[in-house]
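Take a look at the structure set out below.
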Amino acid sequence: MSLLASSAPGVEPSADVAPATRRPPLRTAIATVCISGTLEDKLAAAAAAGFDGVEIFEPDLVVSSSSAADVRRRCADLGLSIDLYQPFRDLDSTDPDQFALNLRRADRKFDVMEALGTDLILVCSAVSPTAVDDNAVIADQLHQLADRAQARGLRISYEALAWGTHVNTYDRSWDIVRAADHPALGVCLDSFHILSRGSDPAGIESIPGEKIFFLQLADAPFMNMDVLQWSRHYRLFPEQGTFDLPAFLGHVLTAGYAGPLSLEVFNDVFRQSDPGRAAVDAHRSLLALYESTVGSVPLDRAGAIAASGPGAGSAPGSVPGPDAGPPAGSARQVPAAPELGGFAFAELAVDEDSGPAVAATLRALGFAHTGQHRSKPVQLWTQGQARVLLNAARGLDEHPTGAAVAAIGFETPDPAAAAVRAQAMLAPLLPRRVGAGEADLSAVAAPDETSVFFCRTGAQDAAGWIGDFEPVAGASGPSGPDEVSGPAGAGLGRIDHVALTQPYDRFDEAALFFRTVLGLPIRHSSEIAAPFGLVRNRTAANADGSVRIGMTVSVLRRGGQWRPGVTDPQHVAFATDDIVAVARAAAAAGAPVLPVPANYYDDLDARLALPADRLAVLRELNLLYDRNSDGEFWHFYTAVLGGRVFFEVVQRVGDYQGYGEVNSPVRMAAHRRQRAAVSGSS
């Protein structure tokens, strides 16, 4: 949590939030297989995240010490419905004796369902050696099962597994259900099973809505691998993969489906992560998918979720619950993703050791110390529209590395609406301490715990945070302390991007957070064969590139001596229109520019055949270079300051939208050498 500002303000939606229009109901559910822990852990996490219901995954119940009746009572206490019991496998069989045994097994599962208090069971298409390949026979066997279920007030939802021996497409499963013609039998549609096979989901619209008994949603990256392994290990929550789930859901809703939107996601990382965080991430994904499909989310509905989710009550000003909103028919919608106009600031937490080094580097890069916070040990450093805050009110328990990116401020014309949206998308406001007469900014926490602020820098109201800083004598420029050129005249205009290393199990969560809360989709991704293993990069950005957030992750973070030069690195990159002049001024001012080995320039010459004079300038100033068909990218880095933070200066030529990833291993190796030199290790 940032200490720049600090009790959270109440916020109201902006006046131009549109009233609700007619739309399908929004009920959400999650399969217990999606998240980690015991069945009891999973139910508690689902309820805390605001889900309406759950699918009970049979293996979770089998290993639980709670009886089915206990689970039913627990779900009732938590406000959860049990919407589905699953899976029942390999019903149909060419062997009459085996089919009779399968019906007996089903009867025992019906006993469990009655104890659980659920009326719907998922029956998967068969994968056994005796699986039937005759629609009429399968329909007859399903009809027999449906008769037994109906006699007990239960229903059957039949699903085509993508790897089913014979029935592996949704259209064939629907043909079978239609032929069986039983009121207690319908289909279950699973987005993974349908989209992973490349089936056209438009045909779903021909299925009567009342015969779609259940819907399971999962996203996934496109992968060229066995579909069963793909399904069991690499599914993602909606809006985290590459499937067109809004179009898929649109077809299902057009068909008339009115049941819950339920998640069934098998993912090795999610199933080892904190179930509370994973459940919030899961629910956020459904809100995002619903918004992408329908156009908006009712504020009262999202408010109920936010009010019951993790962090509820941590600060005043929460989105009102369902009983506090306007009457039915006039419900307001969650505000659209905020329009971001750039970075208001990047805030670095510093201590007594790292603070002077960071300040000296900023000064050498042409920044000026232009403001001092009136009540906190926070300095404002500016150059052009680039603003960096140095916050010395940090403890080593928060940032043991000595320096860290603690907060990012984003410019938006309506901070209050942005705060409403953030809460509706399950990012509760952070509690903050605000002094008398100081800006009352709203902030939420990103998945890596970086504070995200919504600002209007030039405003004269509570969003105008710049007024909290008293000018430093001799530092004011023509526009006051918020726009000053540094003494070196380096010519940095703004923050180009901020890059943050993510915890491994929050990489997908971070991408979804920035997309849903801030409206920043992933516009760039890459993989780097780095000196210490594979590094994955994603960058979330707005359309005009004024806001870019880099996210990186490594599969393994080593300890001890054999580790990367910078563990969990973070950096702030500044944009310039004349990087050669900036680099010369920085070198003359003693900036700790990262040295680049001669081998790099020899390779650059071989690969790109640059003019000799340009190559000489690059060598002289330790500049890195990349180009593609869209343009060029010039950049240099500083040494690491305080253990993990460093700066970068960049110049984009033409329409270059990348980040010079080809040069990242050079930077990583140089930072490793820096660490080794400082520690005296080899």
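No lab work stands behind these numbers, since they all come straight from the coordinates. Because the structure is a prediction, the values reported are computed rather than measured. For neighbour counting, all protein chains shown are included, and Cβ atoms are generated from backbone atoms with ideal geometry for every residue, glycine included.
Per-peptide packing, taken as the mean over residues of other Cβ atoms within 10 Å, places 588-596, 410-418, 140-148 in the sequence 410-418, 140-148, 588-596 from highest down. For the range 572-682, the equivalent ellipsoid derived from the alpha-carbon gyration tensor has semi-axes of 23, 16, 14 Å in decreasing order.
Taken over the range 116-229, the convex hull of the Cα atoms encloses 120 Å³ per residue. Fully extending the segment from Arg271 to Glu352 would add 25.1 nm, taking 0.36 nm per residue of separation and subtracting the current Cα-Cα distance. Within the straight-line cut-off of under 16 Å between alpha carbons, the aspartates and glutamates reachable from Lys376 are Glu347, Asp351, Glu352, Glu438, Asp440, Asp468, Glu470, sequence neighbours fewer than 8 places apart in one chain being disregarded. Local charge for Ile495 was computed over the other residues whose Cβ lies under 10 Å away, with Lys and Arg +1 and Asp and Glu -1, and equals +2.
Other residues within the sphere of radius under 14 Å centred on the Cβ of Tyr158, judged by their own Cβ, net out at -3 (K and R +1, D and E -1).
Each label point was placed 7 Å from the Cα along the Cα-to-Cβ direction; for Ala606 and Asp200 their separation is 5.2 nm. The fraction of Cα-Cα pairs per 10 angstrom bin, counted from 0 for the range 70-157, comes to 17, 47, 25, 10, 1 percent, rounded to whole percents.
Just add up the charged neighbours of Asn102: K/R +1, D/E -1, any other residue whose Cβ is under 12 Å from the Cβ of Asn102. Neighbourhood net charge equals +1.
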